[in-house]
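*Asks:* First, the structure itself, so that you have it in front of you.
The values are calculated or read from the model by the stated rules, or taken from the named source; none is laboratory data. On a predicted model such as this, the values are computed, not experimentally measured, just so you know. A quick note on method: Cβ atoms are made from the backbone with ideal geometry, for glycine too, and the neighbour counts reach across all protein chains shown. When the accessible area is computed, the model is the full protein with side chains, heavy atoms only, and any ligands, DNA or RNA have been set aside. Shrake-Rupley method; radii C 1.70, N 1.55, O 1.52, S 1.80 Å.
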Amino acid sequence: MSSNVLRRLFIISMSSRLYKTYRYLHTFSASPPTSVLAEFLSTSKKKYLEDVRAQSTPSKADEWTVVMGNEAGDLDSIASSIAYAYFQSHSNPSKPNPIIPLIQIAKDDLNLRGENIYALQLAGITSPEEQLLLLGDIPSSDFPSHQFALVDHNSLGSTFVSKDSVRPSRVLAIIDHHADEGLYTDTANPRVVQPAGSCASLITKQLFLPIAQDDQTQNQTLPKELATLLLSAILVDTDGLRPGGKAIDVDREAAAYLASIAVFNSSSSQSVSSQSLHETDSIRTLSQILLDRKQDVSHLSASELLRRDYKEYIYNVPWASQKPVSLKAGLSTVPVQIADWGLEGVLEREGESWMKERGLSVLGVLTSYRRSAKSKGKGKHEREMAWIIRTDSLEDDSIDWDTLEEKLWKGLRASEELEVKVHEEFGEGTANGERGKNLRVQVFMQNPKATRKVTAPVLKGIMESGT
């Protein structure tokens, strides 16, 4: 059944009040008002790129702090980086800090996430490829700035580590909800790495809620467009604040505050408690729209699915024959089961192509989907993980690929968090023995509750263990 048909059925099933909210949100996104947020982003981008191109000594670009989310480019990273930059630039109006959010997405990949585009439009950011600073906008191969604030991750990527000893890279702030890697404890202030369903919740708690509590007029530091963007990120990451899901108290409290300011706010929403917010019409409707947009990937190719939600890691391998050795690995999260896009060797061919483009030795493809229900209601939630080792990824023989293969398969099977079982249909891949001789493949079913946030630390432990 197409997404358009599902959407029509969804509208028919809603109450008249809920339908009005649904129509309002769609009408607003089609013709959003002038956004102070969009103006801030456009102006900041123009000034920053002017300073980058000025090639002055000392470099004007070095005066800027660059705020980055992680390289997956999901809505949580985008909203959190924009919010942090906006807050810091407005916290001292007499002397605004030169700060800009950088979105780690290529311009061609912006449209791979429908929920991102929708939420940005709802916040008045109607031309994100022009208004947002993207990686492709930077004219230099060496990144021109050396001061960073990290949100939605807590380790600076190798692309941004300075090779200049005179101007070393410095991480000045961290707000994140992933596993703490223990870095930048002497330079980052604030340094907040705490559990939360969404990083946007921590951003709201750390930056905007203290102001609201001191100023009952809720101050103008948080415009309604930005509140809507942060709220959208929280709803995406917590499945609409669903009870029993990823949302914890900090997410519910942040969402309640943001909903009282957001573009669709009504006077009644201000009296709703954080515990019952998920039941309100506006939250249910916005959550459903965002979920529809997120799940609609039918137009994407296998290649686009692999790059749509992707994170990269570099591991120092102590068990290699030659030291030091670093291996690069990637994890792609795909919201469709392998049988729908990766059969007849597509998984291996597209996986190998992506690995070559990114210089990977290991790629994990983590799928998350619901199996078709036999009766009314939602189907069973399932997860697969496909792993590809590329034995021609290094120029020397510093890695014993047999050892790596054994460590990886054994470590995955031993993980109590992942609970893997060899895939019954294509445990050794989908190529029927015809894959490239330089590829080693294994496919598992796994614990449906174990997301990439669980898998990444497990992979790190396997790769960096000395035994």
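*Asks:* Find the residue count for segment 57-97, including only residues that are in a helix (DSSP H, G or I), open to solvent by 20 Å² or more (accessible area, probe 1.4 Å) and within 17 Å of ILE138 (Cα to Cα).
*Replies:* Within segment 57-97, residues that are in a helix (DSSP H, G or I), open to solvent by 20 Å² or more (accessible area, probe 1.4 Å) and within 17 Å of ILE138 (Cα to Cα) number 3.
*Asks:* With of a type outside the set (D, E, K, R), in contact with a Lys or Arg (Cβ under 8 Å, 6 or more places away or on another chain), open to solvent by less than 10 Å² (accessible area, probe 1.4 Å) and not in a loop (DSSP other than H, G, I, E, B) as the only criterion, which of SER368, SER332 stands out? Break it down into steps so the answer makes sense when it comes.
*Replies:* Details: SER368 fails: open to solvent by less than 10 Å² (accessible area, probe 1.4 Å).
Checking each option against the conditions leaves just SER332.
*Asks:* Restricting segment 270-304 to residues that are hydrophobic (A, V, I, L, M, F, W, C) and assigned to a helix (DSSP H, G or I), which is most open to solvent (accessible area, probe 1.4 Å)? Talk me through it step by step, then tell me what you get.
*Replies:* Of the residues in segment 270-304, the ones hydrophobic (A, V, I, L, M, F, W, C) are 272, 277, 283, 286, 289-291, 297, 300, 302.
Now narrow it down to the ones that are assigned to a helix (DSSP H, G or I): 277, 283, 286, 289-291, 302.
On the way: LEU277: 4, ILE283: 1, LEU286: 0, ILE289: 3, LEU290: 3, LEU291: 52, ALA302: 18 Å².
Restricting to residues being hydrophobic (A, V, I, L, M, F, W, C) and assigned to a helix (DSSP H, G or I), the top hit is LEU291.
*Asks:* OK, next. When segment 98-112 is examined, which residues are found to be among the aliphatic types (A, V, I, L, M) and either within 18 Å of GLY157 (Cα to Cα) or in a loop (DSSP other than H, G, I, E, B) (or both)?
*Replies:* Initially, segment 98-112 is screened for residues among the aliphatic types (A, V, I, L, M), giving 99-100, 102-103, 105-106, 110, 112.
Across segment 98-112, the qualifying residues are ILE100, LEU102, ILE103, ILE105, ALA106.
*Asks:* Of all residues in segment 305-329 being of a type in the set (Lys, Arg) and within 15 Å of the chain's Cα centre (by Cα), which is most open to solvent (accessible area, probe 1.4 Å)? Spell out the reasoning first.
*Replies:* Filtering segment 305-329 down to residues of a type in the set (Lys, Arg) leaves 307-308, 311, 323, 328.
If we keep only those that are within 15 Å of the chain's Cα centre (by Cα) as well, we get 307-308, 311.
Details: ARG307: 62, ARG308: 13, LYS311: 24 Å².
Top of the filtered list is ARG307.
*Asks:* So which pairs qualify, if the first residue must be in segment 168-194 and under 21 Å from ALA61 (Cβ atoms), the second must be at pLDDT below 95 and open to solvent by 70 Å² or more (accessible area, probe 1.4 Å), the Cβ gap must be under 9 Å, and the two must be at least 6 apart or on different chains?
*Replies:* Short answer, once both residue conditions are applied: PRO168/VAL161; SER169/VAL161.
*Asks:* Within segment 156-170, is even one residue in contact with a strand residue (DSSP E or B) (Cβ under 9 Å, 6 or more places away or on another chain) and buried (at least 21 other Cβ atoms within 10 Å of the Cβ)?
*Replies:* no
*Asks:* Right, another one. Being open to solvent by less than 20 Å² (accessible area, probe 1.4 Å), modelled with pLDDT of 90 or more and of a type outside the set (A, V, I, L, M) is the filter here; which residues of segment 18-44 pass it? Lay out the reasoning, then the answer.
*Replies:* Within segment 18-44, the subset open to solvent by less than 20 Å² (accessible area, probe 1.4 Å) is 18, 22, 25, 29, 35, 37-38, 41, 44.
Still in the list and also modelled with pLDDT of 90 or more: 37-38, 41, 44.
If the condition is that a residue be open to solvent by less than 20 Å² (accessible area, probe 1.4 Å), modelled with pLDDT of 90 or more and of a type outside the set (A, V, I, L, M), then SER44 is the only one that fits.
*Asks:* Looking only at segment 424-437, decide whether some residue is in contact (Cβ under 8 Å) with a residue 60 or more places away in the chain and touching a Pro at 6+ places or on another chain (Cβ under 6 Å).
*Replies:* Going residue by residue through segment 424-437, those that are in contact (Cβ under 8 Å) with a residue 60 or more places away in the chain are 425-426, 429-432, 434-436.
Those left that are additionally touching a Pro at 6+ places or on another chain (Cβ under 6 Å): none.
The answer is no; no qualifying residue exists.
For every residue, the table says whether it meets (1) hydrophobic (A, V, I, L, M, F, W, C); (2) touching a Cys at 6+ places or on another chain (Cβ under 7 Å); (3) within 19 Å of GLY330 (Cα to Cα).
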residue: TRP409; (1), (2), (3): yes, no, yes
residue: HIS423; (1), (2), (3): no, no, no
residue: THR430; (1), (2), (3): no, no, no
residue: LYS437; (1), (2), (3): no, no, no
residue: ARG440; (1), (2), (3): no, no, yes
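*Asks:* Test of understanding: among ILE234, ILE248, ILE211, which residue is surrounded by fewer than 19 Cβ atoms within 10 Å (Cβ to Cβ) and modelled with pLDDT of 95 or more? Lay out the reasoning, then the answer.
*Replies:* On the way: ILE234 fails: surrounded by fewer than 19 Cβ atoms within 10 Å (Cβ to Cβ); ILE211 fails: modelled with pLDDT of 95 or more.
Result: ILE248 is the single residue among ILE234, ILE248, ILE211 that is surrounded by fewer than 19 Cβ atoms within 10 Å (Cβ to Cβ) and modelled with pLDDT of 95 or more.
*Asks:* Exactly one condition in (1) assigned to a helix (DSSP H, G or I); (2) in contact with a helix residue (DSSP H, G or I) (Cβ under 7 Å, 6 or more places away or on another chain); (3) of a type in the set (A, V, I, L, M, F, W, C); (4) closer than 16 Å to GLU384 by Cα is false for ALA339; which is it?
*Replies:* The one condition ALA339 does not meet is (2).
*Asks:* Next up: Considering (1) open to solvent by 10 Å² or more (accessible area, probe 1.4 Å); (2) hydrophobic (A, V, I, L, M, F, W, C); (3) closer than 19 Å to VAL236 by Cα; (4) out of contact with any helix residue (DSSP H, G or I) (no Cβ under 7 Å at 6 or more places or on another chain), say which one LEU135 fails and leave the rest.
*Replies:* (3)
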